[in-house]
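> Take this structure first; my questions come after.
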Amino acid sequence: MPRLESPIRNSRKVFTPLRLASLALLTFLLYSFLRHQHPAEPASGAQIHHDGHGFASPASHGDRLHRRIVAVADLHGDLSHARSVLQMAKLIDNQGKWSGSEHDVLVSTGDLVDRGDDTIALYHLFDELRKEAGPDRVKNCLGNHEVMNALGDWRYVTPGDVESFGGVAARRRAMSIEGWIGQAWLANYSVSHTIDLLPEQGIQALKAAGKLRNDYVTPQANFVHGGIHPKAAFAGLSRINAVGHSLLSKALSLEKPTGRLPPTATEEEQQAWAELGPFWYRGYAYEDEVEACKLADEARKRLGPGVDYLVMGHTPHLDGFVHRCDPPSIHLIDTGISKAYGGEQSALVFETSLEPQDGHWSEHRRLIALYRGRRPKTVYRVSREI
Ligand SMILES: *[C@@H]1O[C@H](CO)[C@@H](O)[C@H](O)[C@H]1NC(C)=O
């Protein structure tokens, strides 16, 4: 006789249908009671992530993270084209008010000023959007034309623009250290922004809850007007921005701006304003593919482990964006939006999500080119398991 024999086998007659039914009911009640005491573990196949340290927590669909970053390049004094681009990207409504969602971030790579008459309106627009959306959702870079105006290099200023300020002196006042544009530049404009493609707070929360592996690196894109040469990247982003601001505030403080760098400019400030500096550098547009991609790899590495993409304006390609290297790490997005150029009205969109899927995380990245009057074009798409 087997030792672990089930009693059922020996006692067929004891289990009448009525008794079986009562037993089933009892079993069910007992099960319900225990289940209430100890909530069920997720069944196999449920969304669990193992973090490699031997513990796991269930991830639910509510854990999905998502962000959409919309980048626009040189707007050069053209309010109507700027609004048309932001409307196309669903960031503003017909009234010009912010209509983006909590997942959206707008970034401008600078050069709002010059070549057109709408300087005042464009700086007001970004000020308003920053107030409506919050400073984390609207990011502005300083272009070479912002700094040129601060320095008094007004070669690209239109007569209509000067008139809109009420004359040369009033325009200069607005673009001085005490003026509203000078103040806005110093408070809310940076040389460069590195922006997380997914909300970092959400990523940290998932890691803290043991739902996401700790070594997951949040993907990022760096935005700048001209380009960050590896030599500049070596100093790090905060140094680049600090030097840019010290240069800018010296320029804004000039009694008699001459268009040239102030004599008090340091060696670092002079380099920032030189050909290889972030306001002017065009190597990512003009170097051949091998060299440009090599420079981009070096610069990205120095800017941070998450920086997969370098996005810049400054060098116009009127037919559309230029995406270089494989995977595409360089994105040249100045398409001459302003009437002064008559190029494509464009925005580059980074759509990124991290979602639980069959017991792991799926990260999806999609780059979309928006051009006025054309259908959105996916220029790059990649998914990976985390
Ligand atoms: C900077 O932007 C914030 C809105 O985020 C605004 O309240 C503030 O006035 C701006 N600063 C300047 C000097 O324009």
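Every number in this text was worked out from the coordinates using simple rules, so none of it is lab data. Everything numeric here is computed off the predicted structure, so don't read it as measured data. For neighbour counting, all protein chains shown are included, and Cβ atoms are generated from backbone atoms with ideal geometry for every residue, glycine included.
> Hey, got a sec? Which GluC sites (Glu not before Pro) in the stretch 65-152 land in a DSSP loop and have at most 12 other Cβ atoms within 10 Å?
Numbers: sites: GLU102, GLU128, GLU132, GLU146; in loops: GLU102.
Taking the stretch 65-152 and a limit of 12 other Cβ atoms within 10 Å, the loop GluC sites (Glu not before Pro) found are GLU102.
> Going highest first, how would you order 373-383, 306-316 by mean Cβ packing within 10 Å?
Working: 373-383: 11.6, 306-316: 24.2.
My ranking of the peptides, most packed first, is 306-316, 373-383.
> For the stretch 259-308, what ratio Rg/Rh do Cα atoms give with a Kirkwood hydrodynamic radius?
On the way: Rg = 13.8 Å, Rh = 12.6 Å.
That ratio is 1.09, to two decimals.
> Can you run the Rg to Rh ratio on the stretch 195-273? Use alpha carbon positions and the Kirkwood inverse-distance Rh.
1.20
> Further, regarding this structure: When Lys and Arg each count +1 and Asp and Glu each count -1, what net charge do the other residues less than 13 Å away from HIS61, Cβ to Cβ, add up to?
Working: positive: ARG64, LYS211; negative: ASP63, GLU355, ASP358.
Net charge in that neighbourhood comes out at -1.
> With 28 Å as the limit, write out which pairs from LYS90/LYS207; LYS97/LYS339; LYS139/LYS231 have Cα-Cα distances beyond it, or answer none.
Those over the limit are LYS90/LYS207.
> On to the next question. With viscosity set to 0.890 mPa s at 25 °C, what whole-number translational diffusion coefficient in µm²/s follows for the stretch 316-386 from Stokes-Einstein and a Kirkwood radius over Cα pairs?
181
> Could you tell me the extents of the stretch 107-249's C-alpha atoms along the three principal axes, largest first, rounded to whole Å?
Principal extents (Cα only, largest first): 61, 37, 24 Å.
> Next question, about the same structure. Show me 157-164, 256-263, 138-145, 175-182 ranked by packing, highest mean number of other Cβ atoms within 10 Å first. Please report the intermediate quantities before stating the final value.
Working: 157-164: 16.0, 256-263: 12.2, 138-145: 25.2, 175-182: 18.9.
Top to bottom by mean Cβ count within 10 Å: 138-145, 175-182, 157-164, 256-263.
> Taking a ≥ b ≥ c as the square roots of the Cα gyration tensor eigenvalues, with a/c under 1.5 meaning rounded and otherwise prolate when a/b beats b/c, else oblate, which class fits the stretch 256-352? Write down the numbers at each step before the final one.
Working: a/c = 2.16, a/b = 1.25, b/c = 1.73.
Cα axes put the stretch 256-352 in the oblate bin.
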